[in-house]
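Working notes, beginning with the structure itself.
The values are calculated or read from the model by the stated rules, or taken from the named source; none is laboratory data. Computed from a predicted structure; not experimentally measured. We place every Cβ from the backbone using ideal geometry, glycine too, and count neighbours over all the protein chains shown.
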Amino acid sequence: MSTFRTEGFHHVTMVSGDASRTTAFYRDLLGLELVKVTVNFDDPSSYHLYFGTRHGAPGTLLTFFEWPSVPRGRWGVGGVHHVALSVADEAAQLKWKRRLTDAGVGVTGPYDRGYFHSIYFTDPDGQVLEIATAGPGYAIDEPADALGRSEVSQPPERLKGTRDEVAIRRATHPDPVPRVTPDMTLSGIHHVTGITDDIARASDFYEEALGLSLVKRTVNQDDRETPHWFWARYEGETVTRGSSMTLFEWRSSPHTARGGTGQTHHVAFRARDGAEQAAWRERLLGLGLGVTDVLDRVYFQSVYFRAPDGLLCEIATDGPGFSVDEPADALGSGLRLPPWLEADRDGIEAALRPLEPAPARPRS
Ligand SMILES: [Fe+2]
Ligand SMILES: [Fe+2]
């Protein structure tokens, strides 16, 4: 077992074909804050947008590279199937179903996944998203102090083919939801679900490289032949919110993920600070993983490496955060560039398409 245990997700980075359209979706429809407008430091001709809660806390961040000319990607082995955001309860989740449906976004669910309830939809590029309730948690079908010890079967009322699809389809909030009310707040990344071709190998990786613990071994409720395992920060008592990585196993599948718009580019996990990150990097090297040098991302420091199935992972420090180059109460207010790109600001700005301004109407 690793001596390092990540607190959970730092951010998830996805690929957008249109930064303004992505901003309209995540800021204006989902009610997240646009906390930073910058460029991809490795490709300064592209936007890098950061959405999250008000101050851009680690664990709440969804970030996007804008690559308009990149074709649409495809999920598969070594990629992310979907990203789930956390909502407080089922009542708020039904409000989201109504709000999204009224906006022309197709929504499926709510499904009782046992450990949480889930609705699904896609963003304008095709990225699959989920809104999941915080609870009831992983201890509903095995003891809280023995999670992940045995394989758990799913009851018929949760499985595709035997669950009540008509009732699921009909369930929604009775009234229109024109604004995101405080009870609907999407409070951060609930879980990330990827696809692997060898779930036992992946389990060793998430335990050894990231210090996560196996907390559930079950099957995909929508495809009961597919194993579905969950890892999280867990030390035998409670599971830390915002730390659940889950994988479907497509054993020996040749269908590998293809990067592109509508797909996740990489998944970042939290390190407390640079010292922890440096020690962690040494451990990853010791495990035989190829790890980059520490890269200065201005708002945090990053190292990158790949899971055995190919998923690009990052370890990002919690600090210094998004207020290093603009006031904390005015995050996302203008294009910010790292010091080494400021000399090229005019050329960089000229190459970027302007973003749509925020709507004048308050969102809550
Ligand atoms: Fe999920
Ligand atoms: Fe990242």
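General remarks:
- Filtering region 78-108 to residues that are more than 16 Å from ligand 2 (Cβ to nearest atom) and part of a loop (DSSP other than H, G, I, E, B) leaves Gly78, Ala88, Asp89, Ala103, Gly104, Val105, Gly106, Val107.
- Restricting attention to region 252-271, the residues being more than 11 Å from ligand 2 (Cβ to nearest atom), of a type in the set (A, V, I, L, M, F, W, C) and surrounded by 23 or more Cβ atoms within 10 Å (Cβ to Cβ) number 1.
- Filter result for Thr292 (closer than 29 Å to Gln127 by Cβ, away from ligand 2 (no atom under 11 Å from the Cβ) and loosely packed, with under 15 Cβ neighbours inside 10 Å): yes
- Residue match in region 109-119 (condition: away from ligand 2 (no atom under 16 Å from the Cβ), assigned to a loop (DSSP other than H, G, I, E, B) and either closer than 28 Å to Trp67 by Cα or at pLDDT below 95 (or both)): no
- Just so you know, in region 1-46 the residues that are surrounded by fewer than 21 Cβ atoms within 10 Å (Cβ to Cβ) and aromatic (Phe, Trp, Tyr) include one that is farthest from ligand 1 (Cβ to nearest atom), and it is Phe41.
- Tally, over region 300-354, of residues that are within 14 Å of ligand 2 (Cβ to nearest atom), of a type in the set (A, V, I, L, M, F, W, C) and outside any loop (DSSP other than H, G, I, E, B): 7
- Among the residues of region 55-72, those that are away from ligand 1 (no atom under 16 Å from the Cβ), at negative phi and either in contact with a His (Cβ under 9 Å, 6 or more places away or on another chain) or free of Cβ contacts under 8 Å to residues at least 40 places away in the same chain (or both) comprise Pro58, Thr60, Leu61, Thr63, Phe64, Phe65, Glu66, Ser69.
- With respect to the conditions (1) surrounded by fewer than 15 Cβ atoms within 10 Å (Cβ to Cβ); (2) in contact (Cβ under 8 Å) with a residue 60 or more places away in the chain, Ala350 falls short on a single one, namely (2).
- Candidate set: region 138-190, residues that are of a type in the set (Ser, Thr, Tyr) and either over 25 Å from the mean Cα position of the chain (by Cα) or within 21 Å of Tyr234 (Cβ to Cβ) (or both); chosen: the one modelled with the lowest pLDDT: Ser150
- Region 129-147, subset touching an Asp or Glu at 6+ places or on another chain (Cβ under 9 Å) and assigned to a loop (DSSP other than H, G, I, E, B), residue farthest from ligand 1 (Cβ to nearest atom): Asp145
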